[in-house]
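Trainee: First the structure, which I've put down as structure tokens, then a few questions once you've had a look.
The values are calculated or read from the model by the stated rules, or taken from the named source; none is laboratory data. Bear in mind that the values here come from a model prediction, so they are computed numbers and not experimental data. In this analysis, Cβ positions are derived from the backbone assuming ideal geometry, glycine residues included, and neighbour counts consider all displayed protein chains.
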Amino acid sequence: MRRRGHGFTLVELLVALAILALLTLAGYRGITQLIESERHLASEQEAWRGLARFFDRLEADLQRALPRPVRAPAGREGAMVAHTGDAPSATLRFSRAGDAHPELANGGQRIEYRWHERRLELLLWPAFDNAAPDSPQVVPLLDKVEAFALRFAHGGAWTTVWPAGAGGPPLPRAVEVTLQMQGGQSLQRVVVLP
């Protein structure tokens with residue numbers, strides 16, 4: 001009778017290698033899933049940060065809105081003008097005072113929030129009155145915006161048009177901004193003007 005050696009048989013080694021391969025594959029898939037989840041969360045977190053920055057900036061600008069009409073290339077324009085509706089683009093243009101943002105002029109200026117081709121942009125003119133067709137500085141704010149809706153509080157009611165009518169106030173009491181994002185999220189903010 002032969003004595004068995006102190007090592008493993010070939011079958012035992014192959015079974016051990018197969019178990020090790022399965023554990024390695026499961027670990028690799030788990031780590032890959034964790035990495036993808038972390039990337040997705042980082043992307044979502046950056047999107048929410050961008051939305052927070054947009055709403056903070058819009059609120060700061062609206063808080064500094066001035067009831068000052070301006071001279072524009074097409075003639076006199078009201079202190080705040082909004083073009084909304086079913087058009088492929090919407091705008092909110094108004095006069096803003098102060099220096100809430102260091103890149104803006106110190107004395108105030110005319111600014112415009114524009115939704116165009118699923119993107120929100122901020123347009124900055126160098127001065128209030130733009131008698132000449134100056135090209136504004138365009139600052140991209142948000143991408144993947146499916147809709148940009150505005151409503152204005154005036155006389156105890158909400159309207160989608162501003163200015164609300166002849167002889168009305170130059171600024172509304174509040175502005176409601178609704179964004180519809182590409183993923184289906186609908187976000188709304190109401191800013192009360194001073």
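Trainee: So, of the residues in region 144-161 that are over 23 Å from G183 (Cα atoms) and assigned to a loop (DSSP other than H, G, I, E, B), which turns out to be modelled with the lowest pLDDT?
Mentor: Going through the qualifying residues, I end up with G155.
Trainee: Among what's in region 46-64 and is of a type in the set (A, V, I, L, M, F, W, C) and within 9 Å of the chain's Cα centre (by Cα), pick the residue that is surrounded by the most Cβ atoms within 10 Å (Cβ to Cβ).
Mentor: The residue in question is F54.
Trainee: Next up: Against the condition touching an Asp or Glu at 6+ places or on another chain (Cβ under 8 Å), closer than 21 Å to A60 by Cβ and surrounded by 18 or more Cβ atoms within 10 Å (Cβ to Cβ), how does L171 come out, does it pass?
Mentor: No, not satisfied.
Trainee: Now, a different point. Tell me which of these F54 doesn't satisfy, since it passes every other one: (1) in contact (Cβ under 8 Å) with a residue 12 or more places away in the chain; (2) farther than 22 Å from R96 by Cα; (3) aromatic (F, W, Y).
Mentor: Among (1) in contact (Cβ under 8 Å) with a residue 12 or more places away in the chain; (2) farther than 22 Å from R96 by Cα; (3) aromatic (F, W, Y), F54 violates only (2).
Trainee: Output the residues belonging to region 106-129 that are outside any loop (DSSP other than H, G, I, E, B) and not basic (K, R).
Mentor: Pass one, region 106-129, residues outside any loop (DSSP other than H, G, I, E, B): 109-116, 119-124.
Result: Q109, I111, E112, Y113, W115, H116, L120, E121, L122, L123, L124.
Trainee: Another question, then. Filter region 153-167 for residues that are surrounded by 14 or more Cβ atoms within 10 Å (Cβ to Cβ) and under 20 Å from V70 (Cα atoms) and give the result.
Mentor: Hits for region 153-167 are V161, W162, P163, A164.
Yes/no matrix, rows are residues, columns are (1) within 17 Å of the chain's Cα centre (by Cα); (2) modelled with pLDDT of 90 or more; (3) of a type in the set (D, E):
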| residue | (1), (2), (3) |
| --- | --- |
| A90 | yes, no, no |
| F94 | no, yes, no |
| E103 | no, no, yes |
| N130 | no, no, no |
| V139 | yes, yes, no |
| G168 | no, no, no |
| E176 | yes, yes, yes |
| Q180 | yes, yes, no |
| P194 | no, no, no |
